[in-house]
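The values are calculated or read from the model by the stated rules, or taken from the named source; none is laboratory data. Just so you know, these numbers come straight off a predicted model, no measurement behind them. Note: ideal-geometry Cβ built from the backbone for every residue, glycine included; neighbour counts use all protein chains shown.
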Amino acid sequence: MSAAEQAVDVVVLGLGAGGEHAAIKLARAGLDVVGVERDLVGGECPFWGCTPSKLIIRGAHVLAEARHVDELAGRVTLEPDLGPTARRVREANHDWTDDGHSAPLREAGVRLVRGRGRLDGPGRVVVETSSGTETYVATRGVVLATGTEAAVPPIDGLAGTPYWTNKEVVHATTAPARLGVLGGGPIGAELAQAFARFGSAVTLLEAGPRLLGPEEPEASAAVTAAFVREGLDVRTGAEVRAVSHVDGVFRLRVGEEEVVVDQLLVATGRRANLRGTGLETVGLDPEADAVAVDDRLRAGERLWAVGDITGEGPYTHVAKYQAVGAVGDVLGHPARPADYRGLTRVTFTDPEVGAVGMTEEQARAAGVDVRVGLADVPRSSRGWMHGPGNEGVVKVVADAARGVLVGGTVVSPYGGEVMGLLSTAVHAEVPVDVLRGMHFPFPTFQRAVETALRDLDL
């Protein structure tokens, strides 16, 4: 080892949700840990993802409920204003400063190095900082957690325009009069509805045949119906051929039509931050879309990977789950192998889409002897009482051969919370007969889960 190289126990490359968690736990276990981050410590979730977007959505939900007052409870005058929500966003992330994340790292004993890091062979990390190059040799190894960034499609003219991604949109203090949204996945769908509720005329353009394509088609249909009822212009199978920005407006050529908007949000997916990370120096494909890991999160010699870059699910809860597993393996602790059968996900539209495990299509593709049960949320006891805004459906997917659920979806108000029951059922492989024998409190949205279970042909 040269004099310019520094020996440490572990280097954590990338300090988003997974990397931050791993670095703190390893340091608290007594290891000499270096954490490397080129941007804000904490990553996408607190600054440009989960937290700010859900604060915007919360404000939008309040507006939606207020619009039902005339139907349910009296009269109200409504003046949408993004300002209060924008202030909450700034307060929550301390005006995009990361002291609330970097301070706990340092308190735990992590050496924080700000710069662009890359692998340089097993256990070796080179970091380009503002003051020069630093090289670290990790005797235990490296935890790779470099996360993702917005994937922007190569549409003619788009690159030269001042479009928003998830990073720019959360800085908005006013809602644009006309908003175009490219992409009908979770990010695009959530923010399209939120800004429509704040007063924007929203055109939502999805290239695929339906919104929320990876989810159940029943979920897509329920969300689309809610969007249309609220006045969003939803276009699926929409091919955006070109984009221009002239005189303060965006002009989008969609098929043979032109769509004119004041602001454009690009939400067409995420791309792993793997280019330039030195994967080739540890025997991995530098052009790969994800880093393959085993059930101990091992990606190679003295190398672990956690978070979005593993391709197991672009969710904060998955990153932290994997970080726990990687930390245990680094420390040599016995641990349960990583298990993604009961992977949960929530799209925070209204109605919410909470889902776990496999969809019907995925289960059939996996060779499962599939049985499906459905329940209509508006016809359930709580759905009927809820009234306006009660769109939704519950769908359960069962393996008839084993008599257990392999997937489930709840589309309803608070669907992400109601889905917890199905998450336990799928993860623990609770027999359907046991689930059917449970007490489902009346009147709750969970009663629709009971109805879906009884609809199963088992």
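Mind checking which residues of region 194-235 are of a type in the set (Val, Ile, Thr), in contact (Cβ under 8 Å) with a residue 12 or more places away in the chain and out of contact with any Leu (no Cβ under 7 Å at 6 or more places or on another chain)?
Thr203 - this is the single residue of region 194-235 that is of a type in the set (Val, Ile, Thr), in contact (Cβ under 8 Å) with a residue 12 or more places away in the chain and out of contact with any Leu (no Cβ under 7 Å at 6 or more places or on another chain).
Considering only region 59-76, how many residues are in contact with a Phe, Trp or Tyr (Cβ under 9 Å, 6 or more places away or on another chain) and either aliphatic (A, V, I, L, M) or without any contact (Cβ under 8 Å) to a residue 60 or more places away in the chain (or both)?
So the count comes out to 2.
Of the numbered conditions (1) part of a helix (DSSP H, G or I); (2) more than 13 Å from Glu450 (Cα to Cα), Leu422 fails exactly one; give the number of that condition.
The single condition Leu422 does not satisfy is (2).
Return the only residue of Thr133, Thr146 being within 24 Å of His317 (Cβ to Cβ), among the hydroxyl-bearing types (Ser, Thr, Tyr) and either modelled with pLDDT under 95 or not in a helix (DSSP H, G or I) (or both).
Within the list Thr133, Thr146, the selection yields Thr146.
What is the residue count in region 360-375 for residues that are surrounded by 17 or more Cβ atoms within 10 Å (Cβ to Cβ) and charged (D, E, K, R)?
Counting residues in region 360-375 that are surrounded by 17 or more Cβ atoms within 10 Å (Cβ to Cβ) and charged (D, E, K, R) gives 2.
Identify, please: which residue in region 397-419 is part of a helix (DSSP H, G or I) and touching an Asp or Glu at 6+ places or on another chain (Cβ under 6 Å) and is, among those, nearest to Trp384 (Cα to Cα)?
Gly415
Within region 321-341, identify whether any single residue is touching a residue at least 60 places away in the same chain (Cβ under 8 Å), touching a Ser or Thr at 6+ places or on another chain (Cβ under 7 Å) and farther than 30 Å from Phe442 by Cβ, and answer yes or no.
The answer is yes; a qualifying residue exists.
Restricting to strands (runs of 3 or more DSSP E) lying wholly in region 284-371: which have 3 or more residues that are modelled with pLDDT of 95 or more and farther than 25 Å from Val393 by Cβ? Before the answer, list the steps.
On the way: elements: 298-300, 303-305, 344-347, 352-357.
Result: 298-300, 303-305.
Take Asp99 and tell me if it is touching a strand residue (DSSP E or B) at 6+ places or on another chain (Cβ under 8 Å) and exposed (fewer than 14 other Cβ atoms within 10 Å of the Cβ).
no
Quick check on region 253-261. Is at least one of its residues part of a loop (DSSP other than H, G, I, E, B), touching a Gly at 6+ places or on another chain (Cβ under 7 Å), surrounded by 14 or more Cβ atoms within 10 Å (Cβ to Cβ) and modelled with pLDDT of 95 or more?
Within region 253-261, not a single residue is part of a loop (DSSP other than H, G, I, E, B), touching a Gly at 6+ places or on another chain (Cβ under 7 Å), surrounded by 14 or more Cβ atoms within 10 Å (Cβ to Cβ) and modelled with pLDDT of 95 or more.
Evaluate the following for Thr281: is it touching an Asp or Glu at 6+ places or on another chain (Cβ under 6 Å), closer than 27 Å to Asp308 by Cα and surrounded by 14 or more Cβ atoms within 10 Å (Cβ to Cβ)? Show your work before the answer.
Values: touching an Asp or Glu at 6+ places or on another chain (Cβ under 6 Å): yes; closer than 27 Å to Asp308 by Cα: yes; surrounded by 14 or more Cβ atoms within 10 Å (Cβ to Cβ): yes.
For Thr281, the condition - touching an Asp or Glu at 6+ places or on another chain (Cβ under 6 Å), closer than 27 Å to Asp308 by Cα and surrounded by 14 or more Cβ atoms within 10 Å (Cβ to Cβ) - is met.
What's the number of the only condition in (1) crowded, with 19+ Cβ neighbours inside 10 Å; (2) under 30 Å from Val397 (Cβ atoms) that Arg235 fails to meet?
Result: Arg235 passes all but (1).
Looking at region 143-161, I want the residues that are not assigned by TED's automatic domain parsing to the domain that holds Ala319 and have a partner that is surrounded by fewer than 14 Cβ atoms within 10 Å (Cβ to Cβ) and in a loop (DSSP other than H, G, I, E, B) with Cβ atoms under 9 Å, at least 6 apart or on another chain. Which pairs are those?
Correct list of pairs: empty, since none qualify.
What number of residues in region 71-96 are surrounded by 12 or more Cβ atoms within 10 Å (Cβ to Cβ) and either in contact with an Asp or Glu (Cβ under 7 Å, 6 or more places away or on another chain) or charged (D, E, K, R) (or both)?
Residues flagged as surrounded by 12 or more Cβ atoms within 10 Å (Cβ to Cβ) and either in contact with an Asp or Glu (Cβ under 7 Å, 6 or more places away or on another chain) or charged (D, E, K, R) (or both) within region 71-96 amount to 4.
Looking at region 170-227, which of the residues that are among the hydrophobic types (A, V, I, L, M, F, W, C) and more than 25 Å from Arg67 (Cα to Cα) is surrounded by the fewest Cβ atoms within 10 Å (Cβ to Cβ)?
Ala207
Conditions (1) free of Cβ contacts under 8 Å to residues at least 40 places away in the same chain; (2) surrounded by 22 or more Cβ atoms within 10 Å (Cβ to Cβ); (3) within 15 Å of Leu112 (Cα to Cα); (4) out of contact with any His (no Cβ under 8 Å at 6 or more places or on another chain), marked per residue:
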site	(1), (2), (3), (4)
Lys25	no, no, yes, yes
Val33	no, yes, yes, yes
Arg38	no, no, yes, yes
Val41	no, yes, yes, no
Cys50	no, no, no, yes
Ile56	no, yes, no, yes
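When residues of region 276-297 are filtered for being small (Gly, Ala, Ser), over 19 Å from Pro314 (Cα atoms) and touching a Gly at 6+ places or on another chain (Cβ under 7 Å), how many remain?
Number of matching residues: 1.
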